[in-house]
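K.L.:
There's a structure below that I have some questions on.
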Amino acid sequence: MNKSYQTVRLDIAGPVAKVSFCRPEIHNAFNDTLIYEMTDLFKSFHENKELRVVVLTGEGKSFCAGADLNWMRRVKDYSYEKNLEESLALADLFYLIYTTPLPVIGRINGAAIGGGTGFVAVCDIAVAAESAKFSFSEVKIGVVPACIGPYVIKKIGAGKAREFFLTGERLSAADACRIGLVDRFYPDDKLDEEVNKLVDTILSSGPNAIKMAKELIANVPLMPPDQFKPYTAEMIARLRKSDEGQEGMDAFLNKRKPKWVKE
């Protein structure tokens, strides 16, 4: 966890990891270096036993303005095979963030454009500044929001995806909240306060319960009734008998805080 990265910054405060895109001079646009550095970082989160929450944000005025223009100039001249290799790396990164056992909170401090909206969509909860802007702008340059598509469509549904993938029009934070791309938005000067409240709320819950809740959400929609009934029954029975479940239920019944809640 002591690695140094060029394009992202990691700050750890107790159980909370803050991951920041740190290319503010180009509005945190991403390139191949960022893809591989973020992949390395989020792989470490899959194995970390100390952290409990990840906050993903951007330095400066923007969250993530999509693909870096200098990288796009190189990509334009890549072979199909090289384009496929880097596109697969990006697809793998989005899936890695989406399946991170830790809850990932998006602190959307400014514009999220093109592929930047993918980083919004893979967060478990996205909280935006009121001034933030969003756009699925890929069609304007003759491509589509492909690697981000599975996660954005899960968030906003096929109907809204049809509208905004095809038009590429700009959305305000209120618009993004209305269609479900972000979950909450606040005045810019209240963003940190509200994100911190959300972090504290998550820290008040059982760490393993949070992990299992993410697993439940990922797996149950893919199951028919003859699978999800035993799966969910076994999950709750197992959690009730776990150390965390026993502690949580005992704390509730005896009107005290569970051990994982800091005093």
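The values are calculated or read from the model by the stated rules, or taken from the named source; none is laboratory data. Just so it is clear, the model here is predicted, and its values are computed rather than measured. Cβ sites come from the backbone with ideal geometry, for glycine too, and all protein chains shown count toward neighbours. For accessibility, only protein heavy atoms count, side chains too; no ligands or nucleic acids. Shrake-Rupley method; radii C 1.70, N 1.55, O 1.52, S 1.80 Å.
K.L.:
Over the alpha carbons of segment 115-197, what is the largest minus smallest coordinate on each principal axis, giving the biggest first in Å?
P.N.:
Extents along the principal axes: 39, 21, 19 Å.
K.L.:
Also, quick follow-up: Given the rule -39500 (n - 2.57) for each run of at least 4 DSSP H residues, summed and divided by the residues of the chain, what is its mean residue ellipticity at 222 nm, to the nearest 500 deg cm²/dmol? Before the final figure, lay out the partial values.
P.N.:
Numbers: 10 runs with 129 residues, N = 263.
Rounded to the nearest 500, the figure is -15500 deg cm²/dmol.
K.L.:
Against the empirical 2.2 N^0.38 Å scaling, what ratio does the C-alpha Rg of segment 79-137 come to?
P.N.:
Numbers: Rg = 13.2 Å, N = 59, 2.2 N^0.38 = 10.4 Å.
In units of the 2.2 N^0.38 Å rule of thumb, it is 1.28.
K.L.:
Now a separate question. Round to the nearest 10 and give me the degree value, 0 to 90, for the angle of helix 243-253's Cα axis relative to the longest principal axis of the chain.
P.N.:
The angle comes out near 70 degrees.
K.L.:
Compute for segment 1-48: radius of gyration divided by Kirkwood radius, i.e. Rg/Rh, restricted to C-alpha atoms, rounded to two decimals. Walk me through the intermediate numbers first.
P.N.:
Details: Rg = 10.9 Å, Rh = 11.3 Å.
Checking Rg against Rh, the ratio lands at 0.97.
K.L.:
A further question on this structure: Give the lysines reachable from residue 155 as a straight Cα distance under 16 Å; neighbours fewer than 8 places away on the same chain don't count.
P.N.:
Candidates past the 8-residue exclusion: 214.
K.L.:
Related question: Measuring with a 1.4 Å probe in the full set of protein chains, what accessible area per residue, in whole Å², belongs to segment 80-153? Can you show the working numbers first?
P.N.:
Values: 2650 Å² over 74 residues.
I get 36 Å² per residue for segment 80-153.
K.L.:
If every alpha-carbon in segment 22-139 counts as one equal scatterer, what log10 I(q)/I(0) does Debye give at q = 0.19, 0.21, 0.22 1/Å?
P.N.:
Here log10 of I(q) over I(0) equals -1.05, -1.24, -1.33.
K.L.:
Something else about it: Taking H placed 1.01 Å from N in the peptide plane, check which residues at least 5 places from residue 58 or on another chain put their amide H under 5 Å from its amide H.
P.N.:
Here 21, 109 satisfy the definition.
K.L.:
Counting DSSP beta bridges in the chain, what percent are antiparallel, to the nearest 5?
P.N.:
Values: 8 of 28 bridges.
The answer is about 30 percent antiparallel.
K.L.:
I need to check one value: relative contact order of the chain, counting alpha carbon pairs closer than 8 Å and at least 6 residues apart, in percent.
P.N.:
Working: 416 pairs, mean separation 38.1, N = 263.
The normalised contact order for the chain reaches 14 percent.
K.L.:
Okay, moving on. From the phi of every residue in segment 80-87, what ³J(HN,Hα) in whole Hz does the Karplus formula 6.51 cos²θ - 1.76 cosθ + 1.60 yield, where θ is phi - 60° and glycine or proline is x?
P.N.:
Result, rounded to whole Hz: 4, 4, 5, 4, 5, 4, 6, 5.
K.L.:
If you don't mind, there's one more thing I want to ask. Give, in nm to one decimal, the length gained when the segment between residue 231 and residue 73 is fully stretched (0.36 nm per residue of separation minus the Cα-Cα distance).
P.N.:
Values: separation 158, 0.36 × 158 = 56.88 nm, distance 4.85 nm.
Separation in residues times 0.36 nm, less the Cα-Cα distance, equals 52.0 nm.
K.L.:
Sorted by average packing, counted as other Cβ atoms within 10 angstrom per residue and highest first, what order do 129-136, 206-213 take? Walk me through the intermediate numbers first.
P.N.:
Values: 129-136: 21.9, 206-213: 17.1.
My ranking of the peptides, most packed first, is 129-136, 206-213.
K.L.:
Let me ask something additional. In whole Å, what are the Cα extents of segment 114-263 along the three principal axes, biggest one first?
P.N.:
Computed over segment 114-263, the largest-to-smallest principal extents equal 58, 45, 20 Å.
K.L.:
Mind checking the dipole of the chain: about its Cα centre, +1 per Lys or Arg Cβ, -1 per Asp or Glu Cβ, Debye to the nearest 20? Could the numbers behind the result be given before it?
P.N.:
On the way: 35 positive and 35 negative charges, 102 e Å.
In debye, rounded to 20, the chain gives about 480.
K.L.:
Would you mind checking the tilt of helix 225-241 against the longest principal axis of the Cα atoms of the chain, expressed as 0 to 90 degrees and rounded to 10?
P.N.:
It works out to around 60 degrees.
K.L.:
Which of 168, 106, 14 moves the most in a Gaussian network model of the chain with Cα springs under 10 Å?
P.N.:
Answer for the Gaussian network model of the chain: 14.
K.L.:
Taking only Cα atoms and a 10 Å spring cutoff, compute GNM fluctuations for the chain and point out the largest among 238, 52, 184.
P.N.:
238
K.L.:
May I pose another question? Distance between Cα centroids, segment 50-90 to segment 189-232: provide it in whole Å.
P.N.:
Here the two parts' Cα centres lie 27 Å apart.
K.L.:
Please work out the Kirkwood hydrodynamic radius for the chain, using every pair of different C-alpha atoms, and report it in angstroms with one decimal place.
P.N.:
On the way: mean 1/r = 0.0510 Å⁻¹.
With all distinct Cα pairs of the chain included, I get 19.6 Å.
K.L.:
Let me ask something else. Quick check: net charge around residue 23, other residues with Cβ under 15 Å of its Cβ, Lys/Arg +1 and Asp/Glu -1? Walk me through the intermediate numbers first.
P.N.:
Values: positive: 9, 61; negative: 25, 32, 37, 59, 68.
Local charge sum for residue 23: -3.
K.L.:
Given 233, 191, 177, which one lies farthest toward the positive end of the charge dipole of the chain, if we put +1 on the Cβ of every Lys and Arg and -1 on the Cβ of every Asp and Glu?
P.N.:
Going by the Cα projections, it comes out as 233.
K.L.:
When you count, for each residue, the other Cβ atoms within 10 Å and take the mean per peptide, how do 42-49, 160-167, 173-180 rank with the highest first?
P.N.:
Details: 42-49: 13.8, 160-167: 15.5, 173-180: 17.8.
By packing density, highest mean first, the sequence is 173-180, 160-167, 42-49.
K.L.:
If you don't mind, there's one more thing I want to ask. Calculate the FRET efficiency for residue 220 and residue 36 from the Cβ-Cβ distance with a Förster distance of 25 Å, rounded to the nearest 0.05. It would help to have the intermediate numbers written out before the result.
P.N.:
On the way: r = 33 Å, r/R0 = 1.31.
Calculated transfer efficiency: 0.15.
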